[in-house]
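What follows is a set of notes on a single structure, which appears directly below.
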Amino acid sequence: MVRFGYTLMTEQSGPRELVKQAAAAERAGFDFAVMSDHYSPWLDEQGHSPYAWSVLGAVTQTTESMDLLSFVTAPIMRYHPAVVAQKAATIGLLSDNRFTLGVGAGENLNEHVVGRGWPPVNVRHEMLDEALQIISSLFDGGYVDFRGDHYRVDSAKLWDRPDQRVPIATAVSGEQSVRKFAPLSDAMIAVQPEAPLCRGWDAATGGEQRKYGQQPICWDPSAEAAAKRAWSQLRWFAGGWKVNAELPGTSGFAAATQHVRVEDVTAGIPCGPDVDKIVESVSGYWEAGFTDIALVQVGVDEDPAGFFGFAREKLLPALREAAG
């Protein structure tokens, strides 16, 4: 069965609003919620970036059954892997084993703030590999010592761990990252509906693991208003991840997207009240082999009751029927 989730997007909402959205998403019938983990928004127009882990803690107490994921945390610079393991174990306990730790190699936008520079992608993948080894060892229990090319761990132990090991989902973008990280992970994350990613992951893991995707949408009674809002909030998405991972701040994204048109954005993001258009845009993920698809509602704070009512009454039933 394909599951459908809601994205708690820290770049476009404040912490109190995000907690309210999580509760509303569960009431609307979403199967899970994912939360971005940023230090900065992509664009000034978005205007938010609260600390994701504080918000996740609050969300565990305002939801009861919905699974939760970080989407994604970069345990390479801004956070040391040993601290990420501690945070994830704590959220696992608070959520009664509903939490999956989603990790990735990060973006310059968020990691440069610690003043260590921004390494090339091959080095970032080496760092993520070591980070996953450290986190997994700590999840196993006992004291952990580690000496790698990028990290040191000295006699670390998680004193509070959930009775079920926190699953790890790793973000990938191509064949190389699939080969590298599938053996270290419990699930896959990707933001493009590419069947080769799913096939490669299944081949490396036996085909039993969950594969998470993400699709932006912009529901609004007015398709025109939705298109303008999607352009304002999410035009950075047009750059693709190879570009988005490298730019250091909102001014860089503003410059890089100055020539992006509204129609460029709406070509990849369904805008307006048409359920069929949304279903068509999301269907590429389950057709590619993804098992879980998180929706991003662009500008949810504009009309949260309207969106969650639409999701409960029309969108989620239509998606589930189409996905079989």
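The values are calculated or read from the model by the stated rules, or taken from the named source; none is laboratory data. Please read all numbers here as calculations on a predicted model, not as lab measurements. Please note: Cβ atoms are built from the backbone with ideal geometry, for glycine as well, and neighbour counts cover all protein chains shown. Each accessible area value is taken on the protein alone, full model and side chains, heavy atoms only, with ligands, DNA and RNA left out. Shrake-Rupley method; radii C 1.70, N 1.55, O 1.52, S 1.80 Å.
Taking each residue of segment 249-274 that is farther than 30 Å from Lys314 by Cα and looking for partners that are surrounded by 13 or more Cβ atoms within 10 Å (Cβ to Cβ) and of a type in the set (Lys, Arg) with beta-carbon atoms closer than 9 Å, six or more apart or interchain, yields Phe253/Arg235; Thr257/Arg235; Val260/Arg235. The single residue among Gly92, Gly57, Gly47 that is more than 14 Å from the chain's Cα centre (by Cα) and under 25 Å from Gln233 (Cα atoms) turns out to be Gly47.
Taken together, Gly117, Gly148, Gly142, Gly206 contain a single residue that is at pLDDT below 95, over 17 Å from the mean Cα position of the chain (by Cα) and open to solvent by less than 70 Å² (accessible area, probe 1.4 Å), which is Gly206. Quick check on Asp301: is it open to solvent by 30 Å² or more (accessible area, probe 1.4 Å) and touching a Ser or Thr at 6+ places or on another chain (Cβ under 6 Å)? Yes: the conditions hold for Asp301.
What about Ser95, is it buried (at least 18 other Cβ atoms within 10 Å of the Cβ) and either in contact with a helix residue (DSSP H, G or I) (Cβ under 7 Å, 6 or more places away or on another chain) or not acidic (Asp, Glu) (or both)? It is true that Ser95 is buried (at least 18 other Cβ atoms within 10 Å of the Cβ) and either in contact with a helix residue (DSSP H, G or I) (Cβ under 7 Å, 6 or more places away or on another chain) or not acidic (Asp, Glu) (or both). Evaluation of Gly174 against the conditions (1) open to solvent by less than 60 Å² (accessible area, probe 1.4 Å); (2) modelled with pLDDT of 95 or more shows that the sole unmet condition is (2).
Residues that are of a type in the set (A, V, I, L, M, F, W, C) and either in contact with a strand residue (DSSP E or B) (Cβ under 6 Å, 6 or more places away or on another chain) or at pLDDT below 95 (or both) within segment 57-77 comprise Met66, Leu68, Leu69, Phe71, Val72, listed in sequence order. Pairing each residue of segment 91-109 that is over 10 Å from Ser70 (Cβ atoms) and touching a residue at least 40 places away in the same chain (Cβ under 8 Å) with any residue that is among the charged types (D, E, K, R) and open to solvent by less than 20 Å² (accessible area, probe 1.4 Å), provided the two are 6+ apart or on different chains, yields C-beta distances under 6 Å for Ala105/Arg124. Only one entry of Arg179, Arg165 meets the criterion of being assigned to a helix (DSSP H, G or I) and at pLDDT 95 or above, and that entry is Arg179.
Could we say that Lys277 is open to solvent by 60 Å² or more (accessible area, probe 1.4 Å) and either closer than 19 Å to Gly29 by Cα or part of a loop (DSSP other than H, G, I, E, B) (or both) here? When the stated conditions are applied, Lys277 does not pass them. Just name the residue that is surrounded by the fewest Cβ atoms within 10 Å (Cβ to Cβ) out of those in segment 186-200 that are in contact with a Phe, Trp or Tyr (Cβ under 9 Å, 6 or more places away or on another chain) and not aliphatic (A, V, I, L, M). For segment 186-200, the residue satisfying everything is Gln192. Filtering segment 224-270 to residues that are in a loop (DSSP other than H, G, I, E, B) and either open to solvent by 50 Å² or more (accessible area, probe 1.4 Å) or more than 30 Å from Arg124 (Cβ to Cβ) (or both) leaves Glu246, Pro248, Gln258, His259, Arg261, Ala267, Pro270. Every condition in (1) part of a helix (DSSP H, G or I); (2) touching a strand residue (DSSP E or B) at 6+ places or on another chain (Cβ under 8 Å); (3) open to solvent by less than 70 Å² (accessible area, probe 1.4 Å) is met by Val123 except one, and the failing one is (2). Mind listing whichever residues of segment 6-23 are in contact (Cβ under 8 Å) with a residue 60 or more places away in the chain and surrounded by fewer than 21 Cβ atoms within 10 Å (Cβ to Cβ)? Glu17, Lys20 - these are the residues of segment 6-23 that are in contact (Cβ under 8 Å) with a residue 60 or more places away in the chain and surrounded by fewer than 21 Cβ atoms within 10 Å (Cβ to Cβ).
With respect to Arg3, is the statement that it is open to solvent by 10 Å² or more (accessible area, probe 1.4 Å), in contact with a Ser or Thr (Cβ under 9 Å, 6 or more places away or on another chain) and without any contact (Cβ under 8 Å) to a residue 40 or more places away in the chain true? No: the conditions fail for Arg3. Checked against the criteria, Ser49 counts as closer than 19 Å to Asn108 by Cβ and surrounded by fewer than 24 Cβ atoms within 10 Å (Cβ to Cβ).
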